[in-house]
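Throughout, read-outs are computed from the coordinates displayed, never taken from laboratory work. Keep in mind that this is a model prediction, so the values were computed, not measured. Here the Cβ positions follow ideal geometry from the backbone for every residue, glycine too, while neighbour counts run over all protein chains shown.
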Amino acid sequence: MSTPGNAESKATYRQLSGLAESKAAIDEVVGAAQKMLCIFDYNLEQRGYGDVARIERIRRFLLAGRAHRLRIALHEPEHLERHEPRLIALLRQLPGSIAIHRTVGQARNATDPFVVADDHSVWHLQHHDQSRAIVALHSPQDASPLRDRFEEIWELSEPAIGSSTLGL
């Protein structure tokens, strides 16, 4: 239930069954971010991170506040380096706002990509090689556990791609 006068933050939860639905849901989560956007994935492939509109949405989010941050933890960051030039260009433009890490150790066992906005909105793929996912917007009870999980994954990761060491 939303608080009076705050209809925009009404909690929603939906199950998703395909790639197109997931891409749209990721855009919704990115749009809901107010300070922090955290992404865990294998390599970002096929999730729309090369789309002009998605990159522009992320750029607007990052430029909206000096403390706004994007953190990405990947099992395989090489795909990002080779196939996502718009995201790499955004990293170059806003190096203090974006951090990209590679998972190590036990974090490499994670198999369920997700995107968390602050601690209230989330897109969560149940398993990386399936298409079933959920999106929960303005729902801290759904998003907070994944935000905590992201922090654990982040702790078990190392810097992978910097704005000045792109391997070009």
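When you restrict to C-alpha pairs under 8 Å that are six or more residues apart and normalise by the size of the chain, the relative contact order lands at 30 percent.
Using just its DSSP H runs of length 4 or more, each adding -39500 (n - 2.57), the chain gives a mean residue ellipticity at 222 nm of -10500 deg cm²/dmol after division by all residues. Antiparallel beta bridges, as assigned by DSSP with both residues in the chain, represent about 65 percent of the total such bridges. Taking the Cα centre of the stretch 72-168 as reference, the dipole from Cβ charges on Lys and Arg (+1) and Asp and Glu (-1) amounts to some 300 debye. Classify the chain: rounded, prolate or oblate, from the alpha-carbon gyration tensor (a ≥ b ≥ c, eigenvalue square roots; a/c under 1.5 rounded; otherwise prolate if a/b is larger than b/c)? It comes out prolate by the Cα gyration axes. With the simple model of a label 7 Å out from the Cα in the direction of the Cβ, Asn109 to Leu156 spans 0.6 nm.
Charging the Cβ of each Asp and Glu at -1 and of each Lys and Arg at +1, and nothing else, the dipole of the chain about its Cα centre rounds to 500 debye. With the simple spin-label model, which puts each label point 7 Å out from Cα in the Cβ direction, the Arg60 to Lys10 separation comes to 2.2 nm. Among the trypsin sites (Lys or Arg not before Pro) within the stretch 3-109, those in coil by DSSP and having at most 10 neighbouring Cβ atoms inside 10 Å are Arg66. Taking 0.36 nm per residue of sequence separation and removing the Cα-Cα distance, the Asp148/Asp119 pair yields an extension gain of 9.6 nm. Among Leu87, Leu19, Leu146, the largest mean-square fluctuation in a Gaussian network model of the chain (Cα springs under 10 Å) belongs to Leu19. Ranked for footprinting exposure by Cβ neighbours inside 10 Å, fewest first, Val135, Val104 give Val104, Val135. Close amide H contacts of Arg69 (hydrogens built in the peptide plane, cut-off under 5 Å, sequence separation of 5 or more or a different chain): Met36, Leu37.
Among Gly65, Ala133, Thr111, pick out the residue whose Cα is farthest towards the positive end of the charge dipole of the stretch 22-161, where Lys and Arg carry +1 and Asp and Glu carry -1 on C-beta, about the Cα centre. Of the options given, the answer is Gly65.
Computed from the C-beta positions of His128 and Ala53, the FRET efficiency with R₀ = 30 Å rounds to 0.80.
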